[in-house]
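Take a look at the structure set out below.
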Amino acid sequence: MESQIYEQCGERSSYQGNLPGDPHLFNELLQTLQETLQKNISTLARFWWGGDDQKRKMHNIAIPKSSGGMGFQDIQLFNQSLLAKQAWRLLVNPDSLCSRVLKGKYFHDKDFLTATNKKSSSHIWKAILYGREALKKGLIKRVEDGSSIRVWDDPWITDHIGKRPIVRHNNSEITRVSDLIITGQAQWNEDKVTKNFLEPDTAAILSTPLGRFFEDLWAWDPERNGSFTVRSCYRLLAAEKIGTPQQSSSSEQNFFWKRLWKLQVPPKSKPSGGECYGISSLANRS
């Protein structure tokens with residue numbers, strides 16, 4: 001028995017050691033085929049909440065616990081979040097060997113965020129572009145001197161719809177954020193901002209913090225320190241998928257679910273209690 005265990009461990013370590021050398025296995029790790037991911041999700045779903053009229057199971061396992069679900073990770077969203085991490089590294093480390101190789105092959109005449117998918121693209125590049133879709137949802141450019149930020153194209157306004165101006169004046173000649181900053185001072189030119197933007201955009205721009213005249217830099221908006229994390233990316237994608245409920249009902253439900261999961265009762269009783277709460281909430285609304 002003991003020799004069999006050592007033998008299996010030896011086979012496993014040998015397999016892991018040869019894994020990076022096989023390009024096909026490496027590509028599969030970067031992005032599992034969508035059909036396979038969907039099959040795995042369906043299998044989990046049937047096990048946890050598949051049922052019929054006589055036997056009903058949990059309604060959704062991928063919803064966070066604070067929203068009434070089981071808190072299981074959505075495999076497809078988590079996979080995309082991992083790939084977004086690779087896209088983030090290419091964006092913030094353009095001088096790395098990997099970035100230079102991919103730039104020379106796929107986007108030598110443009111920047112990474114505008115690079116396109118070609119027919120001859122490798123599985124690795126397709127996977128990175130798939131992760132870039134998730135990265136763009138939380139990406140923002142922190143304003144320092146504003147010289148590299150395009151006013152109407154780049155995301156740069158904090159806590160604003162689309163992170164860029166909503167309406168553009170026909171007679172506006174502003175193209176760079178640096179045109180809106182007083183020269184030599186870390187301060188917005190309020191006259192120019194008021195003249196070139198409407199009220200919602202004006203208030204958002206004037207509340208956007210300015211740096212100390214260093215080079216503008218990319219940041220991950222959901223995190224205060226601006227650093228990308230797989231966890232925050234997954235939360236962003238999950239929130240977008242399940243939708244955002246109304247603020248009043250959301251805070252009430254979050255309070256209930258947090259109290260419910262902390263109760264000192266058998267774990268299988270908690271989803272049942274949650275279903276009772278959901279039914280009672282619907283009854284009160286009607």
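A few points about this structure:
- Within region 217-245, being modelled with pLDDT of 90 or more and acidic (Asp, Glu) holds for 221, 223.
- Candidate set: region 149-168, residues that are in contact (Cβ under 8 Å) with a residue 40 or more places away in the chain and out of contact with any Lys or Arg (no Cβ under 8 Å at 6 or more places or on another chain); chosen: the one nearest to residue 196 (Cα to Cα): 165
- Residues that are among the small types (Gly, Ala, Ser) and surrounded by 13 or more Cβ atoms within 10 Å (Cβ to Cβ) within region 97-116 comprise 99, 115, listed in sequence order.
- Some residue of region 169-179 being loosely packed, with under 13 Cβ neighbours inside 10 Å, touching a Phe, Trp or Tyr at 6+ places or on another chain (Cβ under 7 Å) and of a type in the set (S, T, N, Q): no
Yes/no matrix, rows are residues, columns are (1) more than 29 Å from residue 212 (Cα to Cα); (2) buried (at least 18 other Cβ atoms within 10 Å of the Cβ):
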{"position": "118", "(1), (2)": "yes, no"}
{"position": "123", "(1), (2)": "yes, no"}
{"position": "127", "(1), (2)": "yes, yes"}
{"position": "130", "(1), (2)": "yes, yes"}
{"position": "151", "(1), (2)": "no, yes"}
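- Residue match in region 131-141 (condition: part of a helix (DSSP H, G or I), in contact with a strand residue (DSSP E or B) (Cβ under 9 Å, 6 or more places away or on another chain) and touching a residue at least 60 places away in the same chain (Cβ under 8 Å)): yes
The values are calculated or read from the model by the stated rules, or taken from the named source; none is laboratory data. The structure displayed is predicted, hence computed values, not measured ones. Quick reminder, even Gly has a Cβ in these numbers, built from the backbone with ideal geometry, and neighbours come from all protein chains shown.
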